[in-house]
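As C-alpha cells, the structure follows; a few thoughts come after it.
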Amino acid sequence: MGPPRSDRFFALAALILIAVVWIVSALRTQADLMPVVGQTVPEADHIDKLDSDLYTAWADAAESEFFARIAIGSADGYGGPLRAAVAVDPIGTVVGIAIADDKETSAWMERVLGSDLLSSLTGKRYDDDFILGRDVDGVTGATYTAHALASATAAGSRKAAVAFDLPIKEPDPPRIVFGVPEIVLILLFAIGFVGHQSRFPYTKQARWVSMITGLIVLGFLYNSPVTLAYITKLVLGYWPQWQTNLYWYFLIGGILFVFTVDNKNPYCQWCCPFGAAQDCMGAIGGAKSRSPIRFRRLLIWMQRLLTLTAILLGVWFRNPGVASYELFGTLFELLGSSVQFAALGLVLVAALFIKRPWCNYLCPIRPVTDLIRLTRQTVKERWQKATLKTPAV
Amino acid sequence: MDLTGGPFWFLMGVVFVVVAAGFHAFARDRGWVVTWWKAIFAIIWYGTVCTSFFAWGTLIGENEAAAGFKLFLIGIFVSIVFGVALVRLMASSAR
C-alpha cells in the first residue's frame, strides 16, 4: 500500500509553493550596493559606479586624483556566497572592507565582526596571501564565515587591482580539502551500509559504534551535522566550491544516493550526532517510543509545517541560515541564546524518557527524508505502470 | 544569627540525617538493595543537588545572580540525568 493521497497532494503543493517563493524572492533581491560601497571609504569625496561590481572613489570633486577602486569580491560561506566591498588604493593596498551581502548565521557573523579579522585584512596588499591563521587572524568557532570573508577580500582586492592596471599573478588553484571529517563520514556510511544488510549479525553493535563516532567526530570535534541550512542551500542553488567543501557533497550526495538506490536512511539512525546524544540519554533513562496514537498524524504534520515554514523563510530571504532552528550548535559548540539552552535542556531531559523526542517531533530533516521517500515511491510506481502499459514488441 | 556559623551547619546536618533516613525508608519500601557503593552514589547525587543551590546563593552574594542561575540550571540538569540513572541502578536490583 502506498502513502495516502493527501501526502502526495501536500508534497506537490509544498514543492510548488517553494518554487513560487524562490522566483519571487529572486526578482526581489536586486540590492543597491552604493551605500555599502560608501562605507569602505568614508573619507572619499564621491564615488562613481563603473559596472555592477566595480566603483571608483575620488579624492576631490574635480576627479583629478584617485582615492581608491572598490570591487565586490565573493566567496563561499557557511550558508551561501558572502560578498564584500573591498576598497584598494592606487598602490594595491586594502584600505576598507564592508560586507555587501551574506548568508551566514548571525551568531557566527557577529563573532567574526567582533574579532580582529577585519583589521588584520585592512592593510594587506592585493598580491599577498590571505590564508586564515597564517596571513590573517583566524576566528575560533566561525571558521567557514571567517574563511569566506578573507577569500572575498582577496578576490575583491585583485579585481580592484586589475582596474588600476597593477600586475596580477594567476591565483593558485584551490587545494582539495580532504581530512578527518570526510574520511569519518565515508567510514560511517560504509558501516551503515554493512549494518543495514539483513544477514549482518552485529547490527546493534555496529549502530552504536557508528553513533558514538558520529557524536564525537561529526558532533563535538567538527560540529558538522546535517542542518536545514544545508537543504535550503541546495534549494537556493548555492553549490559551494567542491575542492573545499567535499564534506558537504559527500553528506548530501551520500544521503540522496543511498535513499535512491536502497530506500534506506543512512544518516538519521546511524550517524546523526544529535540523534546519538539523544540515544545516549535514552540509554541512561531507559527511554521508550511514546507516540500518542490520537495525535500522531497531527504531530507529524506540525513537524512538516514547521520545516516548510523554515525553508520558505530561508528561500524568501535567500539566506539558508536565517530560519535554522536546530539546537546542534548549542550542544556541540555551546553557543546560543538562553532560550536555546533552555530548549536543549528540555530536549535532553525528555530524551531520558522518550525515544528521540527531537527527531520524532521537531527535527526538520525527517520531513525532508519523508519527501525524498515519497518522491522515490511515486516515480517508481509511475515507472512500473508505464512499463506494464508498454506493449511487448 | 550568623547564617554561616555553627547553627547553620547544625541545621544542615539535621536536614542530611532526615534526608538519609527518608531515603532509607523509601529504598526499603521499594525493595531496593542499597549496597555501600550505591549509597556513595546517592550521597554524591545529594551533594550535587545541594551544591547547585549553594553555588546559586553564593554567586547572588557576589552580585553575579545571572551567572549563578545559569550554573544552578546546569547543576540541576546534571542532577536530573544522574538521578534518573541512579533510580534505574537502584531499581535494577529490587527484590
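The values are calculated or read from the model by the stated rules, or taken from the named source; none is laboratory data. In this text the structure is predicted, and so the values were computed from the model without any measurement. Here the Cβ is made from the backbone with ideal geometry for all residues, glycine too, and neighbour counts use every protein chain on show.
Structural remarks
- Selection count where residues are more than 24 Å from A:Tyr230 (Cβ to Cβ) and either outside the structural domain of A:Ile70 (by TED's automatic domain parsing) or in a loop (DSSP other than H, G, I, E, B) (or both), scope the stretch A:95-120: 3
- Scope the stretch A:285-307; condition modelled with pLDDT under 95 and among the hydroxyl-bearing types (Ser, Thr, Tyr); matching residues: A:Ser289, A:Ser291
- Within the stretch A:17-47, the set of residues being of a type outside the set (A, V, I, L, M), in a helix (DSSP H, G or I) and within 18 Å of A:Tyr238 (Cβ to Cβ) comprises A:Trp22, A:Ser25, A:Arg28.
A quick yes/no check of all residues on (1) within 24 Å of B:Val87 (Cα to Cα); (2) within 19 Å of the chain's Cα centre (by Cα); (3) modelled with pLDDT of 95 or more; (4) in a loop (DSSP other than H, G, I, E, B):
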{"site": "A:Thr309", "(1), (2), (3), (4)": "no, yes, yes, no"}
{"site": "A:Tyr325", "(1), (2), (3), (4)": "no, yes, no, yes"}
{"site": "A:Leu331", "(1), (2), (3), (4)": "no, yes, no, no"}
{"site": "A:Asn360", "(1), (2), (3), (4)": "no, no, no, no"}
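- Tally, over the stretch A:205-263, of residues that are assigned to a loop (DSSP other than H, G, I, E, B) and of a type in the set (S, T, N, Q): 8
- Breaking point among (1) buried (at least 20 other Cβ atoms within 10 Å of the Cβ); (2) away from chain B (no Cβ under 14 Å); (3) within 24 Å of B:Lys70 (Cβ to Cβ), for A:Val347: (2)
- Being over 22 Å from the mean Cα position of the chain (by Cα), modelled with pLDDT of 90 or more and under 26 Å from A:Glu110 (Cα atoms) holds for only one residue in A:Gly314, A:Gly282, A:Gly345, and it is A:Gly345.
- A:Thr375 meets each of the listed conditions (1) touching a residue at least 12 places away in the same chain (Cβ under 8 Å); (2) among the hydroxyl-bearing types (Ser, Thr, Tyr); (3) surrounded by fewer than 17 Cβ atoms within 10 Å (Cβ to Cβ); (4) more than 30 Å from A:Arg8 (Cβ to Cβ) apart from (4).
- Scan of the stretch A:255-270 for residues that are more than 18 Å from A:Leu327 (Cβ to Cβ) and touching a residue at least 12 places away in the same chain (Cβ under 8 Å), ordered by number: A:Ile255, A:Leu256, A:Val258, A:Phe259, A:Thr260, A:Asp262, A:Asn263, A:Lys264, A:Asn265, A:Pro266, A:Gln269, A:Trp270
- Residue in the stretch A:78-94 that is under 32 Å from the mean Cα position of the chain (by Cα), more than 20 Å from A:Asp32 (Cα to Cα) and outside any strand (DSSP E or B) present: yes
One line per residue, one yes/no per condition, for (1) touching a residue at least 12 places away in the same chain (Cβ under 8 Å); (2) surrounded by 14 or more Cβ atoms within 10 Å (Cβ to Cβ); (3) small (Gly, Ala, Ser); (4) within 14 Å of chain A (Cβ to nearest Cβ):
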| position | (1), (2), (3), (4) |
| --- | --- |
| B:Phe41 | yes, yes, no, yes |
| B:Trp56 | yes, yes, no, no |
| B:Leu59 | yes, yes, no, no |
| B:Lys70 | no, yes, no, yes |
| B:Phe82 | yes, yes, no, yes |
| B:Ala91 | yes, no, yes, yes |
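- A:Cys271 meets all of the listed conditions (1) within 24 Å of B:Phe82 (Cα to Cα); (2) of a type outside the set (A, V, I, L, M); (3) away from every other protein chain (no Cβ under 14 Å) but one, namely (1).
- Only a single criterion out of (1) within 14 Å of chain B (Cβ to nearest Cβ); (2) part of a helix (DSSP H, G or I); (3) touching a residue at least 40 places away in the same chain (Cβ under 8 Å) is not satisfied by A:Gly336, namely (2).
- For the stretch A:121-171, a tally of residues being at pLDDT 85 or above, crowded, with 20+ Cβ neighbours inside 10 Å and outside any helix (DSSP H, G or I) returns 2.
- Here A:Asp60, A:Asp32, A:Asp51 are screened, and the one residue that is surrounded by fewer than 13 Cβ atoms within 10 Å (Cβ to Cβ), more than 32 Å from the chain's Cα centre (by Cα) and charged (D, E, K, R) is A:Asp60.
- Check on B:Ala27, crowded, with 17+ Cβ neighbours inside 10 Å, more than 13 Å from chain A (Cβ to nearest Cβ) and under 23 Å from B:Val15 (Cα atoms): yes
- So B:Val78, is it at pLDDT 90 or above and within 12 Å of another protein chain (Cβ to nearest Cβ): yes
- Per-region count, the stretch A:274-299, residues in contact (Cβ under 8 Å) with a residue 12 or more places away in the chain, over 18 Å from A:Leu344 (Cα atoms) and more than 14 Å from every other protein chain (Cβ to nearest Cβ): 4
- On the stretch given as the stretch A:169-190, residues that are of a type in the set (Val, Ile, Thr) and within 21 Å of A:Val258 (Cα to Cα) total 3.
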